[in-house]
Amino acid sequence: MTLRTVKLFEIANARSGDKGNRLNIALVCRDPAHYPALARQVTAEAVAAAFAHRKPSRVVRYDLPRLSAFNFVLDDALEGGVNASLGLDGHGKSLSFLLLDLPVQVE
Amino acid sequence: MAPTVHIGAAAGFAGDRTDAGGPVAEALARCDGPRFLIYETLAERTLALSQLERRGDPARGYNPRLEQFVGPVLARCLAANVRIVGNFGAANPRGAAERILALALAQGLAPRVAVVEGDDLRGVLTPRQLAARETDGAVLAGASEIIAANAYLGAGPIAQALDRGADVVVTGRVADSALALGPLVHALRWRADDWDRLAAGTLAGHLLECGAQVTGGYFADPPHKFVPGMAGIGYPIAEVEAAGAIVITKPPGTGGRVDRFTVTEQILYEIHDPAAYLAPDVVLDLTAVEVLELGSDRVRVTGARGKPAPPTLKATVCIDGGLLGEAEISYAGPNAAARARLAAETVAERMRIRAPGLKLRIDAIGLASVLGDDAGAFARRSNASSEDVRLRFAAQSADRAAVERLLDEVEALYCAGPAGGAGVRRHITPRLASASCLIEREFVQPTVTVFGSEA
């Protein structure tokens, strides 16, 4: 079997949501067969590294195998959130695409 | 056998499409059994903005688009016994009810309109008592004036209003999902400790509460994710069985798509621990939820499990947050990025002298403007290039003069900045700071009042 490197957006969907200064991103495999590979590679540590400039105080990954999905929760990652951020995207709505830009290896 | 309950969503936030409800109301009118049309129009800070509006005019403070949302569907809903439930009452549910009654009268209609109150905590708890109940932060520490403090009510008062024959139920702050759970508790007589069913109803509400987000909105990403007919996207309808199974669909002939992908993304929207989504009436566990495509824009969702309701209720509290100042200027053509960078450095240097201590954020729209951070670390790492850059400067302070100084410095770039600086726009907007609190239930006493013709 040969592995190929792809960006997450080629094989998975993602959606950002916010509550105050907390960001969550749901990551959903388009093909459930990719779930184990993503579970190995898209770890909480990998996501924390991709979002390091946002200085999240904690990153947790929740696994939802029945939905072929993961839920990433990044505390204090929204520069204060919608009511306090100086940025244009206080909700973090665009941030799912920062996750989707990560490279992964799949069969 | 208990009937299947149909619940349609006509709005997912205060600024949503006001014509979305028409096709949903029409589809509901053609179904059998109990049917409801819900409007979710209260994001976290919307209520505080409404409270400020009510200060200016005591008759207002409800959703400013109320007439546009409800007016076009009211007659059709009343004729077909589709009952309307909305949190468009915002800071003034009674005002909204009066407006709906006036709107109905003008159309020759006479509905029963119920008002749910008791979410407003301002007369119940002092700022100090609210501050003592704040979770995850200290926004309220030392606050003397509360603009809005509202507990998230549950399904109970909504179900009670429907039990009393309301054609329209107007609420202020309720849990978004309660807009669907209330009708389900009313129609299916679910017990207050039937945790799995309450969890299923909460999940149905969660899937409906953002309107088009479950039917193809907030989803399209061509060429990887296509959504047909986005200009006429159909808002969702949930068909909920007495045992708690849910089918998500949308009105026939509308745009959008309903499949396992659109539904799965929305199941996890704004969720933290999927095993414990806290609502006023139940703790929803999503870990055993499964989605099954039935074809033709129908998806079956099962497996919601419930745990006993939390002992406290969540409340959102807003106080004055000072002023946000923003100013923008464009640089375009060859070498635009370098000229934009020079302009940013120039303003930053002058602000260090003219308003030291004012935290500044600078974004280069076209290079890096939303994925980055206040300190600019992401932007410095980015290798994006563009020949069309719009620089954006932002600062927040209670000191208007300091904020004005930033906007003045950006404007002065016209003559004193790099070549070709163009199109300055500047504005100052008031901000709200918000906090979440946990409130003991004894402080929250919901009431239901029914107005209009008696049945």
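The values are calculated or read from the model by the stated rules, or taken from the named source; none is laboratory data. Since the structure is predicted, the reported quantities are computational estimates derived from the model, not experimental observations. Glycine also receives a Cβ, built like all others from the backbone with ideal geometry; neighbour counts cover every protein chain displayed. Surface accessibility is based on the protein's heavy atoms, side chains included, excluding ligands, DNA and RNA. Shrake-Rupley method; radii C 1.70, N 1.55, O 1.52, S 1.80 Å.
Counting only other chain Cβ atoms within 10 Å of each residue's Cβ, the peptide B:374-385 averages 2. Based on the convex hull around the alpha carbon atoms, region B:1-131 presents an average projected area of 9.7 nm². Would you mind checking the tilt of helix B:178-188 against the longest principal axis of the Cα atoms of chain B, expressed as 0 to 90 degrees and rounded to 10? The helix B:178-188 is inclined about 10 degrees to chain B. Can you classify region A:41-103 as rounded, prolate or oblate using the Cα gyration tensor, where a ≥ b ≥ c are the square roots of its eigenvalues, rounded means a/c under 1.5, and otherwise it's prolate if a/b beats b/c and oblate if not? Prolate. Each peptide among B:261-268, B:70-77, B:382-389 gets the average number of other Cβ atoms lying within 10 Å of its residues, and from highest to lowest they stand as B:261-268, B:70-77, B:382-389.
Entry note, chain B: relative contact order of 18 percent, from Cα contacts under 8 Å with a spacing of 6+ residues.
Relative to the dominant Cα principal axis of chain B, helix B:93-106 is inclined by about 70°. Once C-alpha pairs closer than 8 Å and six or more residues apart are averaged by separation and normalised to the residue number of region A:8-93, the relative contact order reads 34 percent.
Counting only other residues whose beta carbon sits under 13 Å from that of A:D76, what net charge do I get with K and R as +1, D and E as -1?
Within the 13 Å Cβ shell, the charges total -1.
Hydrodynamic estimate: the Kirkwood radius of region B:149-231 over Cα pairs, inserted into Stokes-Einstein at 4 °C and 1.567 mPa s, corresponds to D of 90 µm²/s.
Taking only alpha carbon atoms, chain B gives an Rg to Rh ratio of 1.02, where Rh is the Kirkwood radius. Once both labels are positioned 7 Å from their Cα atoms along Cα-to-Cβ, the gap between B:R55 and B:A80 label points is 4.2 nm. Rounded to the nearest 0.05, what FRET efficiency do B:A348 and A:A33 give with R0 = 56 Å and r taken as the Cβ-Cβ distance? Could you check? So, using R0 = 56 Å, E works out to roughly 0.65. Computed on protein heavy atoms with a 1.4 Å probe, the accessible areas place B:Y277, B:Y39 in the order B:Y277, B:Y39, largest first. Shielding value for B:432-438 is 2, the average number of Cβ atoms from other chains within 10 Å of each residue's Cβ. Here region B:77-127 is treated as a Stokes sphere of Kirkwood radius computed over C-alpha pairs; at 20 °C and 1.002 mPa s its diffusion coefficient rounds to 170 µm²/s.
For the pair A:R58 and A:R4, the difference between a 0.36 nm per residue extended length and the Cα-Cα distance amounts to 16.4 nm. Relative to its residue count, region B:277-404 spans a Cα convex hull of 223 Å³ per residue. For the residues of B:121-133, the average number of beta carbons from a partner chain within 10 Å of their own beta carbon is 0. Accessible surface for region B:348-423, divided over its residues, is 52 Å² per residue with a 1.4 Å probe.
Taken over the alpha carbons of the protein assembly as shown as equal point scatterers, the Debye sum produces base-10 log I(q)/I(0) values at 0.07, 0.12, 0.13 Å⁻¹ of -0.43, -1.22, -1.38. The residue list A:A84, A:T2, A:L64 was ranked by how far each Cα lies along the charge dipole of chain A toward its positive end, using unit charges on Cβ atoms, and A:L64 comes out on top. Phi angles across region B:271-286 convert, under the Karplus curve 6.51 cos²θ - 1.76 cosθ + 1.60 with θ = phi - 60°, into 3J(HN,Hα) values of 9, 9, 7, x, 7, 8, 8, 7, 10, x, 9, 5, 9, 8, 10, 9 Hz, Gly and Pro given as x. The Cβ shell under 12 Å around B:A348 holds other residues with a net charge of +3, Lys and Arg each +1, Asp and Glu each -1. Packing around the peptides A:69-80, B:345-356, B:108-119, B:283-294, taken as the average count of other Cβ atoms within 10 Å per residue, puts them in this order, highest first: A:69-80, B:108-119, B:283-294, B:345-356.
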